[in-house]
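Inspection log for the structure reproduced underneath, given as structure tokens.
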Amino acid sequence: MKNKKYSLIKHKNLKGYLFSSQMIIGATITIIFPLVLSVIISFTDLKINTANVGFVGLDNYKWVFNEQASGFWQAVGVSLGFSVVSTLVQTALGFLLAVMLYFLSARLQGIFRTLIYLPVVLPSAVVSAMWIMMYSGDENGILNIIFGLQNPPFQWMGNDMVAFICLVATNTWRFVGITTVIYLVNMSNISNDVVEAAKLDGANKFQLITQIFMPLLRSATILNVILSIIGGIKSFDLFYLFQTNGNLSSNLTPVALLIYKIGLGSKDISNISLSKSVTMSIVLALVLGVITVVVNKTMNRKERD
């Protein structure tokens, strides 16, 4: 009897292993293997124009932490600044838009939700081309025409601070729809009994927002903040297209764009270093991991308090 029971358990375990093996193999191929290979490459001098690969130890990591040589930490600073400002603006604006949609009728809510989310699905090239025309620093620039700044034309990309604000505005316009939808879905899941009880107690809309919605939407806020911070730090296409076509200063080079330039984007093949690019990516991944853990713990601690 015991042998039969043991055989049955063993058979069930085998079926479980077979079902989970697909996920294990997939994770190994798509996550574990590339990660291990990247770590190995970071200890070499792999370049795109030579087949000779040598072991260099920690030289690539020393190079990354040498700011004058790599410029890595300046780029991280640009990414962090862009990420923090974008997160604050996008989270606040997304919440306000979600509140406005919440109090609309179902039909109007559906229309405006679609309009707000539409920029999210637009290709990066389309978004960048549209906003480059908006920020054009000549008399035909759309913003110069709207604000009467044609004589002389205002150079929106001519000052790093103004250009930074313009990029934050563009990024917010494009991705605020995600934040809004996440907030709106969570608002819709709040029990009507809670809202009606607050109204019976005399709560107005402002009190509903500050005393009902905001406390009950902490988890949505945590999700939005983490997604926005990580997305901001990884931002690449917007900066790349604005530097290529919109006269954006190289001083505003985020870390993802710097990694691309070091690893693939240089016009001089001899300057392309895949190993240094991979090393930057590993350090960036560690920075992102630390930031994610800190933000998550901070937000959860506030939620418990």
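The values are calculated or read from the model by the stated rules, or taken from the named source; none is laboratory data. Remember, predicted model here, so these are calculated numbers, not experimental data. Here the Cβ positions follow ideal geometry from the backbone for every residue, glycine too, while neighbour counts run over all protein chains shown. Remember, those area values only see protein heavy atoms, side chains included, never the ligands or the DNA or RNA. Shrake-Rupley method; radii C 1.70, N 1.55, O 1.52, S 1.80 Å.
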ask   = When you go through 238, 258, 286, 248 one by one, which is the residue that is at pLDDT 80 or above and outside any helix (DSSP H, G or I)?
value = 248
ask   = What pairs can you find where one residue is in region 187-210 and touching a residue at least 60 places away in the same chain (Cβ under 8 Å), the other is part of a loop (DSSP other than H, G, I, E, B) and open to solvent by 100 Å² or more (accessible area, probe 1.4 Å), and their Cβ atoms are less than 8 Å apart, with a gap of 6+ or different chains?
value = none
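Residue-by-condition table, conditions (1) in contact with an Asp or Glu (Cβ under 9 Å, 6 or more places away or on another chain); (2) at pLDDT below 90:
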site	(1), (2)
6	no, yes
12	no, yes
16	no, yes
29	no, yes
52	yes, yes
63	no, yes
97	no, no
